[in-house]
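One structure is given below, encoded as structure tokens.
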Amino acid sequence: MTASSNAASYFVDRHRQERSDKIAFREAAGKRRSLSYGQLAKDSDLIAGALRSAGIAREERVAMLVLDTIEFPQIFWGALKSGVVPVPINTLLATSVYEAILRDSRASALFVSVELWPVVQAAVQIVPELKQIVVIGGEAPEGTISMAEFMAGADPLQAVTCSADETAFWLYSSGSTGQPKGVRHVHGALRATAETYGAQVLQIRETDVVFSVAKLFFAYGMGNAMTFPMAVGATTILFHDRPTPDVVLDILRNEQPTIFCGVPTLYAATLAKLELAAKPDASLRCCISAGEALPKDVGRKWRDLWGVDILDGVGSTEMLHIFLSNAPGDVTYGTSGVAVPGYQLRLADEAGDEVEQGEIGELLVRGDSAAEGYWNQRDKSRATFEGEWTRTGDKYERDPQGRYIYCGRTDDMFKVSGIWLSPFEVEQALVSHPSVLEAAVVAVRDGEGLEKPKAHIVLKEGDASPELAAELKAFVKEKIGKWKYPRWVEFAEDLPKTATGKIQRFKLREKDEG
Ligand code: 3SK
């Protein structure tokens, strides 16, 4: 057992001498502060010491409801140094979900950005385990202490010695079904994702400047904007608020990131914006996408406009980051690419047997970043983690070149007239219509009780009229086959999504079932 198996030794302390003055994090809004690698090493030592002085012991959890500001890496790495387990939480949830997560995790302390205090305030009052609430930025409300009070008099603490297999942090995954599960990750998993996807697909280097629209509390954002840049001493641009197409364009113009990490909805919305606004001069060398499959047309339009491909990939909170991806110089839009070096993939039928090329199967993945399991959910852990293999719940097929083509979630597929239909295929056809920004397709029963596709559509342009609905039905028939067209079309302002932009079809199904 060596000190270096503590992930904080690798990601933070390794840069202490060599890159002391190099900027690790730069805020693009708000107080616009910067944090150097040297300062982060010192601050995280102090936070580790402050946690120890506050009586928070190794293996206890601390919840982090923290916006993307420099305090996020300070607290996260400080906790890892002291052996305490940080639990970053989605900053967009409701009070009742915070209560459920705080109870489930039995966190002893909560770090909360002052802006988020009003939504978590009612929840903390009824959670017995919370010993301490530390409020970041602004005045500390009654019953809480400020970050300065928490740090006062703390002695620096060196990263504790631990094995790579020791639990490092948890992430709560709401998944596409809405039930939050605490996903437990070990120290070694952070390095595993940085050495596979980060080094070999993103090919991140010290001179890169990264901007990720996915926030740090989310596995996709944590890799993109914290561990991958920190593995090589690069710089991250932090933005604490909601990323809109205007924000993306401003950041590309003013901060000149070289790597942009987006999600399909925002790529599509930014392209729509650029039909009216001027394209800024940018320094992009690599763009990536995850969260849901990237529509072909969005990838092609983006590449034609910026001269940079979008590498579409697939990851999960359980695998910590992307394990299936297109690669630089080898992009086929409409596919998710191939296994990331370091990961193995299988497509299995319902009996668990490998399917043939061209047949649809469930995707399973094996790799060193897999989670230890879910917290206190034995049945769900057993159903997802099968020995070395992790079930993804995604259906895929392989094309003749061995590239993986997404077919939908295992629980979203349904049969129409006895033939399997992938709602994703219908959605892809719909978003290739010039008026459609986003589409979600679910099964709805017709008058005879038989399942048929229904489309929920967000428009880019045009009026939500019966004529447009009829045009869209005809368009799908023509494009992918007569029986696949949506029998009903409903126009909406937006679609329900998870924090990464995965469409929550279960919410649409619930709504449609009334
Ligand atoms: O949704 C994804 O594709 C993803 C990618 C990286 C990390 C986590 C997730 C859920």
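Work out how much length residue 279 to residue 42 would gain on full extension: take 0.36 nm times their residue separation and subtract the Cα-Cα distance, in nm to one decimal. Working shown, then result.
Numbers: separation 237, 0.36 × 237 = 85.32 nm, distance 4.02 nm.
Length difference between fully extended and current span is 81.3 nm.
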>> Give me a comma-separated list of calculated 3J(HN,Hα) values for segment 14-31, in order, Karplus coefficients 6.51, -1.76, 1.60 applied at θ = phi - 60°, integers in Hz, x for any Gly or Pro.
In response: 4, 8, 3, 8, 5, 10, 3, 8, 5, 6, 8, 9, 9, 7, 8, 8, x, 6
> With a 10 Å Cβ neighbour count serving as the proxy for reagent exposure, in which order, fewest first, do 298, 124 appear?
Replying inline: 124, 298
>> Using helices alone, I'd like the mean residue ellipticity at 222 nm for the chain: each DSSP H run of four-plus residues gives -39500 (n - 2.57), total over residue count, nearest 500.
In response: -8000 deg cm²/dmol
>> What distance in nm separates the two pseudo spin-label positions at residue 125 and residue 467, each 7 Å out from Cα along the beta-carbon direction?
In response: 5.6
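Over 39 Å apart: what share of the alpha carbon pairs of the chain falls there, rounded to a whole percent? Before the final figure, lay out each step's value.
Values: 31390 of 131841 pairs.
That fraction is 24 percent.
Taking 0.36 nm per residue of separation and subtracting the Cα-Cα distance, what length does fully extending residue 142 through residue 250 add? If you can, show how the numbers build up before the last one.
Details: separation 108, 0.36 × 108 = 38.88 nm, distance 3.77 nm.
That pair, residue 142 and residue 250, stretches by 35.1 nm at full extension.
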> How fast does segment 1-118 diffuse by Stokes-Einstein, in µm²/s, taking the Kirkwood radius from C-alpha pairs at 4 °C and 1.567 mPa s?
Replying inline: 86
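Antiparallel DSSP bridges in segment 125-241: what percent, to the nearest 5? Please list the in-between numbers first.
Values: 6 of 11 bridges.
If I count the DSSP bridges inside segment 125-241, around 55 percent turn out antiparallel.
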> FRET efficiency for residue 482 and residue 356, Cβ-Cβ distance as r, R0 = 25 Å, nearest 0.05?
Replying inline: 0.40
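Quick check on the exposure proxy: order 240, 185 from fewest to most C-beta atoms within 10 angstrom. Walk me through the numbers on the way to the answer.
Numbers: 240 19, 185 26.
So the residues, fewest neighbours to most, are 240, 185.
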>> If you restrict to DSSP beta bridges whose two residues both lie in segment 426-500, what percentage is antiparallel, to the nearest 5?
In response: 70
> Among bridges DSSP assigns within the chain, what percent are antiparallel (round to 5)?
Replying inline: 60
>> Could you tell me how far the Cα centroid of segment 264-287 sits from the Cα centroid of segment 139-206, in Å?
In response: 31
>> Can you sort 42, 452 from fewest to most other Cβ atoms within 10 Å of each residue's own Cβ?
In response: 42, 452
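Multiply the residue separation of residue 95 and residue 155 by 0.36 nm, subtract the distance between their alpha-carbon atoms, and state the gained length in nm to one decimal. Numbers along the way, then the final one.
Values: separation 60, 0.36 × 60 = 21.60 nm, distance 3.45 nm.
Value of the extension gain: 18.2 nm.
Here, each number is a calculation from the coordinates, and none is a lab measurement. These figures come from a predicted structure and were not determined experimentally. Virtual Cβ from ideal backbone geometry, glycine too; neighbours counted across all protein chains shown.
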